[in-house]
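First comes the structure, then the notes that go with it.
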Amino acid sequence: MRVIIEPDYAAMSKWAANYVADRIIAANPTPEKPFKLGCPTGSSPLGLYKELIEMNRAGKISFQNVITFNMDEYVNLPEDHPESYHSFMWNNFFSHIDIKPENVHILNGNAPDLVAECENYERMILDAGGIDLFMGGIGPDGHLAFNEPGSSLTSRTRIKTLTTDTIHANSRFFEGNLDLVPKQALTVGIGTVMDAKEVLLVCNGHNKARALKHCIDGNVSHKWTSSMLQMHPHSIVVCDEAACDELTVGTYKYYLDKERGNL
Ligand code: GLP
């Protein structure tokens, strides 16, 4: 696992966006050999998406040969609801870049058969040749996508019931009303994310400090599902200073020194 510590949210977002752009450019994608990008929602990746949009506008990268697979979607929330992850992705990213709509994949939380929807999503990822780079955030309880504490670390795409913590955290998008927050979601599994060639997480703010500690400084545990990335051969966590508040001094210094070339 590589850990990048940046001074603030803006620098974290810029570092992550430059990394994603470099990977897409290096892959030199074509219609026959597209780049497969995993996409998260949440406030954490907003800056990263803004940077990618800017680079696309400036002609530095193109998404014409990029295929995306989103991490998750609420169950039973209309697709055109302003807080659906479909809306989030089109409003904050896809509508602003040159991606082909047919190359965008987002789970359908209103599918008549949710189990079949999840199985089909896994099949589509496989048929596309797997995900090259899965971007992600971390929930305050350490969840990755909607893999809540207690999720199997080998899980695949499936229906997940949200924890009370997550319902509280996400109620800020639903007028602060817990009753309006969907109680279930479809989510890629930890196993699905682990199959990606690379995984890049962004994590910012003091309210993520405990999650970051467990993700990079704790044991691999199904109680903090993002900690599974310790087992991934190419995982990167990019964070800001505030998210480091609960790391041990030794861990914090090690990662800073490593990136500065002092080690
Ligand atoms: C949701 C998403 C996660 C995301 C998390 C954190 O629960 N399913 O993928 O990482 O929120 O969101 P935020 O970045 O807004 O803190």
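The values are calculated or read from the model by the stated rules, or taken from the named source; none is laboratory data. All values derive from a computational prediction rather than experimental measurement. When we count neighbours, we look across all protein chains shown, and the Cβ atoms used for this are built from the backbone with ideal geometry, even at glycine. Ligands, DNA and RNA are excluded from the accessible area calculation, which covers all protein heavy atoms including side chains. Shrake-Rupley method; radii C 1.70, N 1.55, O 1.52, S 1.80 Å.
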Quiz item: From the set of residues in region 186-211 that are open to solvent by less than 20 Å² (accessible area, probe 1.4 Å) and more than 15 Å from the chain's Cα centre (by Cα), which is nearest to the ligand (Cβ to nearest atom)?
Solution: Gly205
Practice problem: With the condition kept exactly as written, say whether any residue in region 90-107 is closer than 22 Å to Leu229 by Cα and of a type in the set (A, V, I, L, M). | Solution: no
Quiz prompt | Ala16 vs. criteria open to solvent by less than 20 Å² (accessible area, probe 1.4 Å), under 24 Å from Trp90 (Cβ atoms) and in contact (Cβ under 8 Å) with a residue 60 or more places away in the chain | solution = yes
Quiz item: Among (1) surrounded by fewer than 18 Cβ atoms within 10 Å (Cβ to Cβ); (2) assigned to a loop (DSSP other than H, G, I, E, B); (3) under 17 Å from the mean Cα position of the chain (by Cα); (4) not aromatic (Phe, Trp, Tyr), which single condition is Gly150 missing?
Solution: (3)
Quiz item: Assuming Trp90 fulfils every condition listed in (1) aromatic (Phe, Trp, Tyr); (2) under 23 Å from Ala16 (Cβ atoms); (3) within 16 Å of the ligand (Cβ to nearest atom) apart from one, which condition is it?
Solution: (3)
Practice problem: Kindly indicate whether Glu102 is in a helix (DSSP H, G or I), farther than 30 Å from Gly59 by Cα and charged (D, E, K, R). | Solution: no
Practice problem: Of all residues in region 108-138, count the ones that are under 19 Å from Leu77 (Cβ atoms), open to solvent by 30 Å² or more (accessible area, probe 1.4 Å) and not in a helix (DSSP H, G or I). | Solution: 4
Self-check item: Among the residues listed as Thr157, Thr166, the single one being open to solvent by less than 30 Å² (accessible area, probe 1.4 Å), within 30 Å of Ala27 (Cα to Cα), touching a Gly at 6+ places or on another chain (Cβ under 8 Å) and of a type in the set (Ser, Thr, Tyr)
Solution: Thr157
Exercise. Return the residue satisfying two criteria in turn: it lies in region 144-160 and is in contact with a helix residue (DSSP H, G or I) (Cβ under 6 Å, 6 or more places away or on another chain) and touching a residue at least 60 places away in the same chain (Cβ under 8 Å), and of such residues it is nearest to Leu200 (Cα to Cα).
Key: Leu144
Practice problem: Mind listing whichever residues of region 73-101 are touching a residue at least 60 places away in the same chain (Cβ under 8 Å) and open to solvent by 10 Å² or more (accessible area, probe 1.4 Å)? | Solution: Val75, Asn76, Leu77, Glu83
Practice problem: Enumerate the pairs (first residue in region 39-57 and away from the ligand (no atom under 12 Å from the Cβ); second residue anywhere and outside any loop (DSSP other than H, G, I, E, B) and open to solvent by 20 Å² or more (accessible area, probe 1.4 Å)) with beta-carbon separation below 6 Å, excluding pairs fewer than 6 apart on the same chain, so at least 6 apart or on different chains. | Solution: Glu51/Lys14; Ile53/His96
Quiz prompt | Residues satisfying the stated conditions in region 181-196, i.e. without any contact (Cβ under 8 Å) to a residue 60 or more places away in the chain and aliphatic (A, V, I, L, M) | solution = Val181, Ile190, Met194
